Amino acid sequence: MFLPDQFAIYLVGPIAPAWGGPTVSSLKVMIEETANGSIFHLTDARHGRINETDPQSYQDGWARLFNDCLKKYVEQAS
């Protein structure tokens, strides 16, 4: 598959109080092609109301979504 050297998607948007806000999320999703396959990178920076337990919660949520769900889906479809 052909991907540009710096293939990335940037998403910026508000997080509502019901989801832990008010906060603004700056999300970067990037795929890096390597000799052994592809590496998926995700960076989620938040500005606003954040408490000390939030970063681990975000990390756990992204890991569940991409490692447990998307990865299994892509591997089954291959």
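Nothing in this text is a laboratory measurement; each read-out follows from the coordinates by a stated rule. The model shown is predicted, which means the values in this text are computed figures rather than measured ones. Note that we place each Cβ from the backbone using ideal geometry, even for glycine, and neighbour counts take in every protein chain shown.
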Three principal axis lengths of segment 9-52 [C-alpha, angstrom, descending]: 43, 21, 15
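Could you tell me which trypsin sites (Lys or Arg not before Pro) in segment 12-53 are loop residues by DSSP with no more than 12 other beta carbons within 10 angstrom of their beta carbon?
Working: sites: LYS28, ARG46, ARG49; in loops: ARG49.
When the trypsin sites (Lys or Arg not before Pro) of segment 12-53 are filtered for loop state and at most 12 Cβ neighbours within 10 Å, ARG49 remain.
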Work out the length of the dipole vector of segment 8-77 about its Cα centre, built from +1 on the beta-carbon of each Lys and Arg and -1 on the beta-carbon of each Asp and Glu, and round it to the nearest 20 debye. 160
So for the chain, what percent of the C-alpha to C-alpha distances run longer than 18 Å? 52
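Would you kindly state the longest site-free stretch of the chain, with sites defined as chymotrypsin sites (Phe, Trp or Tyr not before Pro) in a DSSP loop (not H, G, I, E, B) surrounded by at most 13 other Cβ atoms within 10 Å? List each step's numbers first, then the result.
Details: sites that count: PHE2, PHE7.
The longest such stretch corresponds to 8-78.
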With unit charges on the beta carbon (Lys/Arg positive, Asp/Glu negative), name the residue among CYS69, PRO22, GLY37 whose Cα is farthest towards the positive pole of the charge dipole of the chain. PRO22
